[in-house]
1. Per 0.36 nm of contour for each residue apart, how much would the distance between THR310 and ILE297 grow if the chain were fully extended, relative to their Cα-Cα spacing?
2. Rounded, prolate or oblate: which fits the range 237-356, taking a ≥ b ≥ c as square roots of the Cα gyration tensor eigenvalues, rounded meaning a/c under 1.5, else prolate when a/b beats b/c?
3. If you take the beta carbon distance between VAL99 and ILE322 as r and set R0 to 25 Å, what does 1/(1 + (r/R0)^6) give as a FRET efficiency, to the nearest 0.05?
4. Using all alpha carbons of the range 74-144, what is the percent of pairwise distances in each 5 Å bin, ordered from the shortest bin to the longest?
5. Alpha carbons only, please: Rg and Dmax for the range 218-272, in angstrom.
6. Under 19 Å from the 7 Å Cα→Cβ point of LEU207, by amide nitrogen: which residues of the range 230-249?
7. Which of THR310, THR369, THR127, THR222 comes first, and how do the rest follow, when ranked by fewest Cβ neighbours within 10 Å?
8. Multiplying the sequence separation of TRP216 and VAL231 by 0.36 nm and subtracting their Cα-Cα distance, what value in nm do you get?
Amino acid sequence: MELTVVVVVAASIFLWGLVSARLQRADLTAPIVFTLIGAVVALTGIAGPSASERLKPVVEITLVWVLFADAARIRVQDLRRGLGLYVRLLAVGLPLTIVAGWGLAAWFYPGLGVWLALLVGAALAPTDAALGIPVVTNPVVPARIRRLITVESGLNDGISTPVVMLAIAGAAAAAGHEGATGAGGALLELAVGVAVGAGIGASGGALLRIARRDKWAAEDFTGIAVLALAVLAYGASIVAHGNGFVAAFCGGLAFGAAAGPRGPAEVQFLEQASGLMSLLVWLAFGVIAVPIMVERINPAMILYAVLSLTIIRMVPVALALIGAGLDRNTILFVGWFGPRGLASLVFALLALEELGSAADEAVAVVAVTVLLSVIAHGLSATPLASKYGRSTAPQKHRDAAPHPGIALRGLPRQRGDATAPDQLH
C-alpha cells in the first residue's frame, strides 16, 4: 500500500505540472487540487490517519525550508523602505490577531482549554501571500502595498512559530504526555533556537559570500548549500536542545543579512524544493485533516472561520495602521488580503502529531478556516486587486519599484505574469 501511495503522489505531481495553467483558468489552484487528491486517497483507503507518523518528516522539513526561505528573502535593506508600516503590522497587528483569535476560540470552544485555544489563534495568525499571487504581482496595485503584504507574509509565520510551539508544549504538559517540557522548558528551547539559528545563518552567509568572492564556490551548487544550511540550523538546534523551527527562521534572517546581493538568488533552489514539499503537505492535509474536519464540522466552526478571516484579521490591521497615512480603501484591502495557507496547515499537522486525538477539534477549526480562505481569497484576488488599483491615483498605479519577492511554493503564477521571484526585488 505504501508503494501505491508513492505512485499516486508522483503521478499527481507530474499531472499537475502538465495541466496547472489550464486548471488555473478554472480557479483550481494547487492547494485545492492536492487537498482534494488527499481526501480521495483517504476515502478510498489507500492511506489514512495512520500515515501521519510517516508524514512527520515531510511536514517538519517543509516548515524548516519555508521559514528559512521566507526570512532569507527579506533582508535588512528591504525593510528600510516602509519600516514603520512593517512594524505596525508585525509588532501590533499580529499580536492583536493572535490574542483575538485565542479569545474567540476559548469562547466558542471552552473544551479546548487555554493552550489549544492559543494554538488555534496563533496557527491562524500567519498569512500566506503565495495564495494571493494576483494581488502581489499585479502592477496596478501600488508597489508599496504589494511590498507591505509580502513582507508581512514573509515574517509573520516565523514570528508566530514560537507562540505555536509554546501552545503545543503547554497542551502536551496539560494532557500529561510523556516527555512534555511544559511552557517553561519551551521558552528555554526558543532562546536556544534563536542563538543557534542566528549563529549558523550568519556564519553560513558570510562563508558563502567569501567563497563566491574567491571563486571557491561553484555557482550551480550554492543553492544546494543553502538548502543544507537550513537543515543544519534546524538539526544543530535540536542537538543543542533548542527549537529547530525558530532556529530555521532566525537562520534565514541572519543568512539574508550576511550573504550579500547574491543571497536572494541562492535561495531560489530552496524555494523550489519547499514548493515541491508544500504540494505534499497539502496532500497530507487532505489525507489526515480533512476527514477530521468532516467528522467534526458544525455551524459554530464555520462562523469562527468567517470571523477569523474578517474581524479577527481586519480589525487588528485597522488598529495597527491608525495614523499611518493610509486611506480607508487601502486599510481594508490590506486587512482582507491575509490568506491563511501553508504555515497554518503545517502548524495544525504538527499539533496533531504531538498531541494525537486531543488536538482533533483544534485541527478541525484550522482546517475549515484554511479551506474557506483558499476559496474566498482565491476567487476575490483578481477582481479586488483590479478594483483597488483603479481607485488609486494613476501615477501610483504604475509604480514598479522593487519589493521583496515571495516563494510561489508550487503555485502557478497569474496568467500573463512572467515575473520570476527574483525579479520582484
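1. Details: separation 13, 0.36 × 13 = 4.68 nm, distance 1.95 nm.
Stretched out fully, the THR310 to ILE297 stretch lengthens by 2.7 nm.
2. On the way: a/c = 1.98, a/b = 1.08, b/c = 1.83.
Cα axes put the range 237-356 in the oblate bin.
3. On the way: r = 17 Å, r/R0 = 0.69.
E(calc), rounded to 0.05, equals 0.90.
4. P(r) for the range 74-144, in whole percents per bin: 3, 15, 15, 18, 18, 12, 9, 7, 3, 0.
5. So, for the range 218-272, Rg and Dmax equal 11.4, 34 Å respectively.
6. Only 230-240, 247-249 fall inside the zone, counting backbone N under 19 Å.
7. Details: THR310 13, THR369 26, THR127 29, THR222 20.
Going from least to most buried by this count: THR310, THR222, THR369, THR127.
8. On the way: separation 15, 0.36 × 15 = 5.40 nm, distance 2.22 nm.
Once the chain is fully extended between TRP216 and VAL231, it gains 3.2 nm.
Every number here is computed from the coordinates shown, using simple stated rules; none is lab data. Here the structure is a predicted model, which means the values were calculated and not measured. Glycine gets a Cβ as well: all are built from the backbone with ideal geometry, and neighbour counts include every protein chain shown.
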